[in-house]
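Asks: I am attaching a structure below and will ask some questions about it afterwards.
The values are calculated or read from the model by the stated rules, or taken from the named source; none is laboratory data. Only a predicted model underlies this, so the values are computations on that prediction, with no experimental measurement involved. We place every Cβ from the backbone using ideal geometry, glycine too, and count neighbours over all the protein chains shown. Surface areas here come from the heavy atoms of the whole protein model, side chains and all, with no ligands, DNA or RNA. Shrake-Rupley method; radii C 1.70, N 1.55, O 1.52, S 1.80 Å.
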Amino acid sequence: MSCGAPQHNIPQGAASTEQLEAFLENYPALDVDDELRKFLYMSSDMKVFADTYVRRKGGTGRRLLDVHNAINHPSTGMSYKADAHYSAEGAFTAGEANCLSYSALFIAMSRYVNLRVSFQEVDLPPSWSLGEKDLLLRFRHVNIVATLATGRKKIVDFRMDRFSHFYPSREISDHEALALQFNNLAVDAMFEDDWPTVFKYLHSAIKADSKKVVAWGNLGLALRRINRLELAERAYLKALTLNRRDYSVMSNLANLYRMTGRPDEAKVLSEKSSRHRQRNPYYHFANAQRDYREQRYDRALEHLNKAKKLQEKEGNFEQLMAFIYWEQGKRQEAIYVMERAYEWETNPRTSELIAKRLKDWQRVLDTGEPAKDLKEL
């Protein structure tokens, strides 16, 4: 099997499930149970840390806050790094984490002090990636759900200032979280064209959770990249049997059909994918963010208006609209919209940032001085 640049050969048809499984057996999966123990392992140093900073006699709410404050304290706190795919112990030692490794650390430490916590998967809009305009790579965001003694649930997110309760989310098992960890490691290896590592981790992800659509979808993407098109098709089809409405998989399979001379099949999938995208407010929001970064403000507003028709009272939409108005010189409109974002916001940290922004913008209007370089919302 060659791992060079893909050649656009026409496959004879999708491979069988057995053929796909046989391919994966060339890249043995890791021991899932052993890897899960490593993923959530509490070292002696971590236990000492928790014993020092968390008051065991406090109620569950107090203990949860103690864990949060200890992990996020400026002297011991974590810094965000997108590719920090660590275990709980690795994140603790490195002092940096992405959302999943932070969640693993938080959960491991919380369980050590007898808190009920679980992973939560958050569905973010898909992103175009790998430098190819026709490949859609799906990312997942993960945070923590804590259940207090009263039965009330609390959300803990590494980047709470950017968290939105409107994103679809669900609690997931430890094995599902581990599957996401394997998937992240596979994507990293994909960027390096390290295909044996890619398939080892994707095989491991499927072993950890055979129903993880993102793993099957990225397996299809990886197989397409090495020109195993018939296997790629089977992986995409498997993903769609698990979720027939995953439009990132639909889009990638449509592109596979298009490049292999099957335009009619591609058209059917593309139309389905388009319908699903158009009904997703965060797809329009993602397009608005892209146009804002590229200073296409009128187009960004068009996308935002579509998003707002599908999802009312989403503070993130209002914030972006306010920034656009500010860049267009519509200062009063910007303040009015940002005030609306503040009114709708339920996250205290985000509310604080919005309040700072509003105060600065009002100062600019009153004095004519330049705006401060405040943290982007």
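Asks: Being open to solvent by 70 Å² or more (accessible area, probe 1.4 Å) and touching a residue at least 12 places away in the same chain (Cβ under 8 Å) is the filter; apply it to region 337-374 and report the residue that is farthest from residue 295 (Cα to Cα).
Replies: The extreme case among them is 346.
Asks: Take residue 303 and tell me if it is under 30 Å from residue 229 (Cα atoms), part of a helix (DSSP H, G or I) and free of Cβ contacts under 8 Å to residues at least 40 places away in the same chain.
Replies: no
Asks: Hey, could you check region 184-195 for residues that are in contact (Cβ under 8 Å) with a residue 60 or more places away in the chain and open to solvent by less than 60 Å² (accessible area, probe 1.4 Å) and say which is nearest to the chain's Cα centre (by Cα)?
Replies: Per the stated criteria, the residue is 184.
Asks: Right, another one. What number goes with the only condition from (1) within 25 Å of residue 246 (Cα to Cα); (2) modelled with pLDDT of 70 or more; (3) in a loop (DSSP other than H, G, I, E, B) that residue 114 does not pass?
Replies: The single condition residue 114 does not satisfy is (1).
Asks: So which residues in region 266-280 are open to solvent by less than 50 Å² (accessible area, probe 1.4 Å) and of a type in the set (A, V, I, L, M, F, W, C), if there are any at all?
Replies: Once the filter is applied, which keeps residues that are open to solvent by less than 50 Å² (accessible area, probe 1.4 Å) and of a type in the set (A, V, I, L, M, F, W, C), region 266-280 yields 266, 269.
Asks: So, one more: Checking the condition polar (S, T, N, Q) and in contact with a His (Cβ under 7 Å, 6 or more places away or on another chain), which residue from 287, 255 passes?
Replies: 287
Asks: Let me ask another. Open to solvent by 10 Å² or more (accessible area, probe 1.4 Å), assigned to a strand (DSSP E or B), of a type in the set (D, E, K, R) and modelled with pLDDT of 70 or more: does that describe residue 176?
Replies: no
Asks: Which one of these does residue 222 not meet: (1) modelled with pLDDT of 95 or more; (2) within 18 Å of the chain's Cα centre (by Cα)?
Replies: Against the list (1) modelled with pLDDT of 95 or more; (2) within 18 Å of the chain's Cα centre (by Cα), residue 222 comes up short only on (2).
Asks: Does residue 292 satisfy the condition of being among the aromatic types (Phe, Trp, Tyr) and in contact (Cβ under 8 Å) with a residue 60 or more places away in the chain?
Replies: Here the answer is no, as residue 292 does not meet what is asked.
Conditions (1) open to solvent by less than 10 Å² (accessible area, probe 1.4 Å); (2) hydroxyl-bearing (Ser, Thr, Tyr); (3) at pLDDT below 95; (4) in a loop (DSSP other than H, G, I, E, B), marked per residue:
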| residue | (1), (2), (3), (4) |
| --- | --- |
| 101 | yes, yes, no, no |
| 104 | yes, no, no, no |
| 110 | yes, yes, no, no |
| 119 | yes, no, no, no |
| 125 | no, no, yes, yes |
| 133 | no, no, yes, yes |
| 150 | no, yes, yes, yes |
| 154 | no, no, yes, no |
| 166 | no, no, yes, yes |
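Listed here are the residues, each with its yes/no results for (1) over 30 Å from residue 252 (Cβ atoms); (2) of a type outside the set (A, V, I, L, M, F, W, C).
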residue	(1), (2)
273	no, yes
286	no, no
291	no, yes
303	no, yes
323	yes, no
332	yes, yes
363	yes, yes
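Asks: On to the next question. Quick check: anything in region 324-333 within 30 Å of residue 257 (Cα to Cα), small (Gly, Ala, Ser) and out of contact with any helix residue (DSSP H, G or I) (no Cβ under 8 Å at 6 or more places or on another chain)?
Replies: No, because not a single residue in region 324-333 is within 30 Å of residue 257 (Cα to Cα), small (Gly, Ala, Ser) and out of contact with any helix residue (DSSP H, G or I) (no Cβ under 8 Å at 6 or more places or on another chain).
Asks: Let me ask something else. Is it true that residue 57 is open to solvent by 90 Å² or more (accessible area, probe 1.4 Å) and part of a loop (DSSP other than H, G, I, E, B)?
Replies: Yes; evaluated as a whole, the condition is true for this residue.
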